[in-house]
Structures are given as C-alpha cells and as structure tokens.
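Engineer: A single structure is presented below for examination.
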Amino acid sequence: MTTDNGAVADTNRFQNVQGVRDDLKEVNYLADDGIAGVAFLADRLGKPILVEGPAGTGKTQLAKSIAEITGSKLIRLQCYEGLDESKALYEWNYKKQLLRIQTERGDNEDWTEMKDDIFSDEFLLTRPLLEAITADEPVVLLIDEVDRVEVETEALLLEILSDYQVSIPELGTITAKQIPLVFLTSNNTRELSEALKRRCLYLHVDYPELDREREIVLAKVPDITESLADQVARIVRSIRQLDLKKAPSVSETLDWARTLMILNIDTIDEQTAKETLNILLKYQTDIAKATKELSVDD
Amino acid sequence: MLELLNGFVVELRNAGLPVSLTENLDAMEAVQHIPIEDRDAFKYALGATLIKNHAHWRSFETVFEVYFSLRGPEYKIGDGDDETDIDEMWREMQEQQQQEGNGGQGGMDGMTPEEIAQMLMQALMNGDQGMMRAMAKQSVQRFAGMEPGRPVGGTYYLYRTLRNLDLDGMLDKMMEQSREDAPDDLTSLEERLEKEEYADRIEKFKGEIEAEIRRRLVEDRGAEAMAKTLRKPLPEDVEFMHASRDEMTALKKSLQPLTRKLAARLARKRKHGRKGPLDFRNTVRHSLSYGGVPAEPKFKYPRPAKPELMVVADISGSVAAFARFTLMLVYAISGQFSKVRSFVFIDGLDEVTDYFKATEDITEAIHRVNTEADVVWVDGHSDYGHAFEVFWNQYGKDVGPKTTVLLLGDARNNYHASQSWVVKEIQQKARHVYWLNPEPKSYWNTGDSIVGEYGTHTDGVYECRNLRQLEGFVEKLA
Ligand SMILES: Nc1ncnc2c1ncn2[C@@H]1O[C@H](COP(=O)(O)OP(=O)(O)OP(=O)(O)O)[C@@H](O)[C@H]1O
Ligand SMILES: [Mg+2]
C-alpha cells in the first residue's frame, strides 16, 4: 500500500480483529470488541486513533500494549499547555551552529555554503514527532493528553496525522519511511478541532463491563482468586452507579484489589469494604455517600 | 453494500449527526476490511469513522440497528427452513427442559405460561446471552401479536410482550431462588450485588425484546421509515420541559463534560487575549526602571471586576428540570463570578446559597433545594408576582451596580398580579438583568404566560429550551 505522498506502509500488522484481542491478552491488556476493532482498522486504513474516555481506563496503556505486541518502538509525546514546535517537532541546535560558525571564521568559506552546512541533519535536534517519522523501525507514536495543548498548537499535528510528513523550511519535506500507528489520547477537557477529529478514527474507552474488569483484575493482580476478583468487580460496578464526583477508575480498582491482597482478605464483607473505600474514592463526599449506600439494607 | 451504507449515512445526517465527506469515505473504506458478519466489530468500525463525539453514540446505535439489524447469520427472521444460530439455541434449551420433564416441543406456542416463566427464569439466572436472545425472539413471536402492515408503534408490541412475561415479579423470584441456593444467609452486601446483577440482566433481556421487535418492524416497513419514527433529538437538543426519564439521564451525563469544557474555555479566555488599550501612565511608571525607555508596555484591562450573580429560579413542576440544570451550570463555573447567590420559588421564595456553600457536591445541593427549600406560600402554584415581591423586600438592598440578575422560568403566573415593577426596580439598580425562558418562543405570552410584560424591564429574554441554548447564554454571560 502506498499513500498519496509515497510513504510506504508496512504489511499489515494484524490478521483480524480477534487476533488483536488475543495478542493484547497475551500482554495482559484486556480489550473489548470496540478497542480491538478500531486498532485493527487503524492499521488497515493507516489512520491515527483518537482515544477519549474517563481517567484511568487504560488509554495510555493501550498504546503501550499495542507497541509491545507489534514489536514497535514506542515514541511518546506528552502534551502540556505551552508545548510548541521546538519541543514537539524539531529544533536547530543553536549552540552547535554558533560554534561551527566561529571555528570557520577566517577560512574564506562563503555564506551559502556555510548556511547549507549548518542547516543540515547534523544540527537538527529531533523531537518525538519528527523522530517517529524518520525512524527506520516500526513505531507506535503516542500523543498523550492532546487536549492540554492550545487549539493553535493542534495545527502542528495535522500534517503529520494526515500525510505522515513534516515540512522543515530549511530542509524541505521529510516523508515517513514507515507509517507509524498513532494514538492520541484526550481526557476531554476541551473540544478538539474538527480538523483534527476528521483525520482520526474515534474510540471512546469507558469503564469496562463487569466481565472485562474481572479479567483485568485477574491478569494484573498476582495470585488473586477468581472469587475475590469477581467480588471486587461487582462492588466497583455497584459504586460506579452512584452519583459521584469521581467514579473509581480501573487503576483504582487495581489498587483496591492489591490492598485487599496485602491485608490477606479473601472475601469482602461490608466492614472491609467500608474501611478500604478511601482507596477507591478520592473525595470525602463520595466516600461518605458510598459508605451510606453500602450500609442500607434495601 | 455501498447503497445500504449511503442510506445509513443519510439517516445519520437526518438525525442531526454531523458526518463530513471525508468521514463518509473513510467508512466506505472501513467496511471493506471488516466482514459484516462480525457485527460488533463492524459496528465499532463504522462508529470510529463516523462518530467523533461520545454523546452521539446512542443515536448512532439506534440508526445502526435499524439499518443493519437484518444482516448477519444470527438475525434472520422467519420460521422453519433457514435455521439460525438462535433457533438452534432455542432447540437446545427445549431439549434440556424436556430432560428435566417440564416442557413441550416446537415453538413457545406449545408451552404453558408457567413453563415459559420457568424457562425464562433459568435463562436469566444463568445469565447466558445466547439463551436470553433465544427467549426474546420466541417471546415476541408468541406474545407481541405483530401483523404485517399494522400501523402501531413498537412500544405497543413491547408492552404486550412484557405484560405476558411478568418481568416485574421476576426480580423477586430470582432473589428468592438465590437465597435458597446459597449455603449461608446472604449478607446485605451480597444481596445488593446479586440484586444489581439480576436487575442488569433483566434490563438486557428487555433490550433484546425491543431489538427483536424493531427487527421485525424494519422487515415489515423498511429501514428508512423505521429510522424516521425512531429519530430522537441529541442530548444537547433535548427540551428540558419534555425530556423523558431516559433522556434526562443522558442529559445529566452530558452535562458534566460540558461544564468541564465550558470552565476550561472560560479560564483560558480570561488568561489570554485580554489586553485592552495601552495604559500610558502605568507604562511610563515602569519605564523608570529602564532608564526612561518604555521597554515594557502596560495595557489596560478592559473588563471590570468579575460580576456578582443572583439567580432567581422558578422550581415548580414543569420548569424544575430547567432550573436544576441552570443552577448546576452556573455553580460549575462559579469561579467566573465574584459571588453567586441563588433563590428559588414557587409562590414563596427562599434563598438556597448556603446549600451550595455547604458541599462541593452540586447534585447534593440540588437535592436539598428540592427537598428542603421553603418555597410554598399558599397553594404551591407558581406566583411570580408574590415571589418577586418577597425577593425585593428581603434582598433588594443587596442588588447593586456590580450585580447581574438572572430570572428563570416560563413566566406562567396563573393569572396572579405580575408585580412587574419589581423587575423594573431591579433593572435600575443592577448591572444587568436577564430572563431565561425554557419554553419555545412561539408559546411566549400565550395563556397565562406574561414573559413579555416582565421582559420589557430586562436587558433581554432568552429562549433556553435545551442544553445547547443554555450553554450559549452562560458562555456569553461569563
Ligand atoms: N483493559 C485493560 N487491561 C489491562 N490493564 C488495564 C486495562 N485498562 C486499564 N488498565 C490498567 O489501569 C491503569 C490505568 O491505565 P492508563 O494509565 O492507561 O489509563 P488512562 O486512560 O491513560 O488514564 P489517564 O486519563 O489518567 O491518563 C494501568 O495500570 C493499566 O495497566
Ligand atoms: Mg493516560
């Protein structure tokens, strides 16, 4: 497969949707049909995935796990307010350039030659986006928490996301040697631009269903019994149904399960549940609400 | 296939979902990689290319079901010749029942209601998806009484099917069974978890029945016609005054991300791009430290200090939901105001500011507003005139040039005296006064609505029928 601009795509990374699911399971990531289906499609269409959903539901882990099962290098761009081109794409190494100019002074090298020289690869500092494009080996590019950058900065990403290329005024256009699998994650703190969304496949990762959460606990917490994992998943589901400021995430479920293991608990009774709620819930009002709920007999 | 997909995309657009040309093309490419028989993956593939906003997912799913429900091996309707997976499942279940000595043969027709109930309970207790689906299909066949061309809606068939299955009693029976089966007494925690699990399964089973009815209706009437009857507004377009319970839940869900985004947007607005004209004196003053060179230009901030907000809301039946959402939205961005005070009324008026101060939990505060506020004076029918009078007498002194007052309600005054002079007084003292009305404009000033009379003394009356309009207003306000 060739894209319009001539970048050559890898041969397909996955056989079919079920294959993605199975492979992910091998590395202890439990996917559902949506997650596996969209990852499969992203590979086939050569398109980035925009992953949204509540905190701690495995968005970042998904990219990491996909990198692992495809034997790709994971390149991560962590976004923050104020992130700019020089940190995301590339920067010229001014110090080195300056040094070069100074050492050459006196030799009668003319300026054009000098300019060609100091604006060459040697003086280029590659940042994650450019690194992902120029890599020879297969790459998974994770652009984490993209909603943190300003809308204007989003524009930096557009060229890469649709054409897998970067234009550097002094060097021309650099086209990808291989098409990286790109994941963008967002915690949805602001509306992303239409232009960005149009270029991506969209995946909403929500809190897992009961069965999947139990599987996650089993996979991630060593030595936990089926029955304890089941109880954990059920109680968490029950608590998520309350009207809370912040519902427990998967990471909190895992923390809770690990704590119960340390405390040597094999079945959870009301007392234990109440005493350890502070691991699942972060706000005092939420803890109070859940405690009250768990005590009422209805 | 492409034709089907085109019809599907057209319907999505009809339902208000924004699908661009690129996205349409992506979807066409996507379906070439995932077989339609793999229904879930197929659905997510289409979703990933066409839907970029999670709040739109439910609408998408409905349309998807209508357009693709008749595809895939499990879903063929019809009895006899072409055996489907589901029919096979049904046969297996029956054989099992027979071995246990309680059950007839063939379809459900040969079974007594008790036998059916028994079998359903077993399917639900086992929690087996396939079995529940098979049960749903058979139940619809036997009980819904669907006839081709009959012009009744899906809800009627749903009602008929559910009535015959007596699902209401099912949860209790299942709990009883579960208590019997347990070696020890169930603790209250176990009871709770068990009950939730069963309730969840029953809901899913109802969903299966609905889906089955829908499939049959689609077969009878065609996808296009069905899609049209099922078309529902997106959460942001749902009318506050006519929202069903489900819609209300969806609304509440979409409120949180919406307020979060709104708050972030407003915070950013405050931080950036706030420069006004050059502040000459300040620049000169600072230039002294640069030896008189005005190196660091200083600008005037064009916005006066944050306003103080007073919300006065009618919380009687028909407009209660609207008041609730407005209060939640306002408090979620209360950082944008120097102070927020809130008052609620029906025919009496009460200040509820403290409820919001006492807790970080807006939902809880709203709950207290609904249960504790003292808003009834005579008969509990809206009396704007009296409520406004009370407001003016008790709190009028607190309205000042920094105050923005929001009046919320449909201004249906039950033909009481309007006392609109209060609004006029407020307008004279306050910085701004606005009226937000959840009714469609075309209803204003009909019957006992006197929003026009109040409106003349405000800086504007705004139609806020849905979240989209409300958000628009609040953003302008902050
Ligand atoms: N499906 C899953 N399978 C296995 N582990 C999971 C799964 N989902 C989440 N986890 C675990 O939960 C934890 C949180 O996941 P992660 O950090 O990827 O969440 P996130 O969605 O990126 O959160 P945030 O929005 O806060 O960045 C990790 O330890 C991860 O391994
Ligand atoms: Mg993350």
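Only the coordinates and a few stated rules stand behind these numbers; no lab work does. Here the structure is a predicted model, which means the values were calculated and not measured. Please note: Cβ atoms are built from the backbone with ideal geometry, for glycine as well, and neighbour counts cover all protein chains shown.
Engineer: Past the 30 Å Cα-Cα mark, which pairs from A:Lys197/B:Lys137; B:Lys43/B:Lys476; A:Lys289/B:Lys204; A:Lys87/A:Lys282?
Structural biologist: A:Lys197/B:Lys137; B:Lys43/B:Lys476; A:Lys87/A:Lys282
Engineer: Still on this structure, I have one more. To check you understand DSSP bridge types, tell me what percent of the beta bridges within the protein assembly as shown (both residues inside) are antiparallel, rounded to 5.
Structural biologist: 25 percent
Engineer: I want the antiparallel fraction of DSSP beta bridges within the range B:349-467, as a percent rounded to 5.
Structural biologist: Close to 10 percent.
Engineer: Calculate for chain A the 222 nm mean residue ellipticity that helices alone would give, adding -39,500 (n - 2.57) per DSSP H run of length 4 or more and normalising by residue count, nearest 500 deg cm²/dmol.
Structural biologist: So the helix-based figure for chain A works out to -14500 deg cm²/dmol.
Engineer: Take A:Leu281, A:Leu83 and order them by how many other Cβ atoms sit within 10 Å, fewest up front.
Structural biologist: Least crowded to most crowded, the residues run A:Leu83, A:Leu281.
Engineer: With every atom except the alpha carbons ignored, what do you get for Rg and Dmax of the range B:373-415, in angstroms?
Structural biologist: According to the Cα coordinates of the range B:373-415, Rg and Dmax are 11.9, 35 Å.
Engineer: Cα atoms only, the range A:188-298: Rg and Dmax in Å?
Structural biologist: Just the Cα atoms of the range A:188-298 yield Rg and Dmax of 16.3, 52 Å.
Engineer: When a/c is below 1.5 the answer is rounded, else prolate if a/b is larger than b/c, else oblate, so apply that to the range B:424-478 with a ≥ b ≥ c taken from the square roots of the Cα gyration tensor eigenvalues.
Structural biologist: Oblate, because a/c is 1.5 or more while a/b does not exceed b/c.
Engineer: While we're looking at this one, here's another question. Can you sort A:Leu141, A:Leu263 by how many other beta carbons sit within 10 Å, fewest first?
Structural biologist: If I rank by nearby Cβ atoms, fewest first, I get A:Leu263, A:Leu141.
Engineer: Then there's this: Provide the per-residue ³J(HN,Hα) series for the range B:64-69, in order, calculated from phi with Karplus coefficients 6.51, -1.76, 1.60 and θ = phi - 60°, each as a whole number of Hz, with x at glycine and proline positions.
Structural biologist: 4, 4, 5, 7, 10, 5
Engineer: Could you list A:Glu293, A:Glu154 in order of exposure, starting from the residue whose Cβ has the fewest other Cβ atoms within 10 Å?
Structural biologist: Arranged by neighbour count, lowest to highest, A:Glu293, A:Glu154 become A:Glu293, A:Glu154.
Engineer: Taking the Cα atoms of the range B:2-68 alone, what are Rg (to one decimal) and Dmax (as a whole number) in Å?
Structural biologist: Computed over the Cα atoms of the range B:2-68, radius of gyration and Dmax are 10.6, 28 Å.
Engineer: Assign unit charges at the C-beta atoms only (+1 for Lys and Arg, -1 for Asp and Glu), then state the dipole size of the range A:115-174 relative to its Cα centre in Debye, rounded to the nearest 20.
Structural biologist: Computed charge dipole of the range A:115-174: roughly 40 debye.
Engineer: Place a +1 charge on the Cβ of each Lys and Arg in the range A:140-298 and a -1 charge on the Cβ of each Asp and Glu, then give the dipole magnitude about the Cα centre in debye, rounded to the nearest 20.
Structural biologist: Rounded to the nearest 20 debye, it is 140 debye.
Engineer: Take the alpha-carbon centre of the range B:51-66, take the same for the range A:23-58, and report the distance between them in whole Å.
Structural biologist: Here the answer is 19 Å between Cα centres.
Engineer: Is there a quick way to get the dipole size of the protein assembly as shown? I mean about its Cα centre, with the Cβ of Lys and Arg at +1 and of Asp and Glu at -1; what is the value in debye to the nearest 20?
Structural biologist: So the magnitude is around 4140 debye.
Engineer: Something else: Based on alpha-carbon atoms only, what is the radius of gyration of the protein assembly as shown relative to the globular estimate 2.2 N^0.38 Å?
Structural biologist: 1.13
Engineer: Which of B:Leu124, A:Thr185, A:Val140 sits closest to the plus end of the dipole of the protein assembly as shown, meaning its Cα is farthest towards the positive end, when Lys and Arg get +1 and Asp and Glu get -1 on the C-beta?
Structural biologist: Sorting the options by dipole projection puts first A:Thr185.
Engineer: Going from the alpha-carbon gyration tensor of the range B:305-477, what semi-axes, largest first and in whole Å, does one get by taking the root of 5 times each eigenvalue?
Structural biologist: In descending order, the three semi-axes are 21, 18, 17 Å.
Engineer: Can you give the percent of C-alpha pairs in chain A whose distance is more than 30 Å?
Structural biologist: 46 percent
Engineer: Calculate the length of the line joining the C-alpha centroid of the range B:447-471 to that of the range B:175-220, in whole Å.
Structural biologist: First find each Cα centre; the distance between them is then 45 Å.
Engineer: Let me ask another. Given the Cα-Cα distance of A:Gln18 and A:Leu242 and 0.36 nm per residue of separation, how much length would full extension add, in nm?
Structural biologist: Gain on extension, A:Gln18 to A:Leu242, equals 77.3 nm.
Engineer: Sticking with this one: Restricting the count to DSSP beta bridges whose residues both fall in chain A, what percent are antiparallel, rounded to a multiple of 5?
Structural biologist: Counting DSSP beta bridges with both partners in chain A, the antiparallel share is about 30 percent.
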